[in-house]
Amino acid sequence: MATFAYEEIKRCIIHGEFQPGERLTELGLTEKLGVSRTPVREALRRLSYEGYLTQLSNGGYAIFQLTKGDIVEILEVRRALESEAARLAAEHITERQRHELVENFQRYTTLNEIEDSEERKQVFMQLDIEFHDKILKIAGNSRIIKLEDSLKDRMFRVRLAFASEGDRIKECVEQHRNILEAITFKDAEAAGFYSRDHLTRIERLIDQLL
């Protein structure tokens, strides 16, 4: 039950069901999850250790709030990691992987068929995650993948903000197209450049939003 409580609370944090700074209580979570206090208490301790929660002076917990500085630092790390991953992907990509990456990108066309803005945003974020994950897999560097995984969940809220307007989604898709073409043409230098440019543009946008 501790694992269930941990995964469910973490999911709520990542997907914005709990707001940054919001206080969590054991009683409220036991009622929400339908479990006893012991697994909830263990889950809260684990999430606090992992940085998702802040322990309060009275012994309780609150949702950790990313500062502008936190987000900028994460994006700086991602820029370094993903640009290298794109460069490696361009060097290592196979014909089968090229087909899979192109197929993933072509799924962006389904966004035009979704009228509901919230649904479109959720679909875009899923495709965005899958696109970057495929590049990491093609790159084949396990250490880059592990480092990226450690940052991924914390970037989910940033993706929510980024995808809040249709124009931003269109810009992101075009940036992905540049990365895709560089990788599929095995142009490592261009792949690294467009990947860095993509994260730099996101950083500038976050700077405007916050």
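Any read-out appearing in this document is the output of simple, stated calculations on the displayed coordinates, not a laboratory observation. Here the structure is a predicted model, which means the values were calculated and not measured. Note that each Cβ is placed from the backbone with ideal geometry, even for glycine, and that neighbours are counted across all protein chains shown.
Table for the structure above
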| quantity | calculated |
| --- | --- |
| Rounded if a/c under 1.5, otherwise prolate or oblate - the range 2-63, Cα gyration tensor axes | rounded |
| Contour excess over end-to-end distance, with Cα ends at ASP153 and ARG45 and 0.36 nm allotted per residue | 37.1 nm |
| C-alpha long axis of helix 68-92 to longest principal axis of the chain, angle in ° | 40 |
| Student exercise, the range 17-69 dipole from Lys, Arg, Asp, Glu Cβ charges, in Debye to nearest 20 | 100 |
| Residue exposure sequence - ILE13, ILE183 - by fewest surrounding Cβ within 10 Å | ILE13, ILE183 |
| Positive-end extreme of charge dipole, the chain - chosen from SER57, ASN112, LEU151 (charges on Cβ) | SER57 |
| Order of VAL40, VAL72 under a 10 Å beta carbon neighbour criterion, fewest first | VAL72, VAL40 |
| Dipole of the chain, positive end: most advanced residue of VAL77, GLY192, LEU44 [Cβ charges, Cα centre] | LEU44 |
| Dipole moment magnitude, nearest 20 debye, the chain about Cα centre, only Lys, Arg, Asp, Glu C-beta charged | 600 |
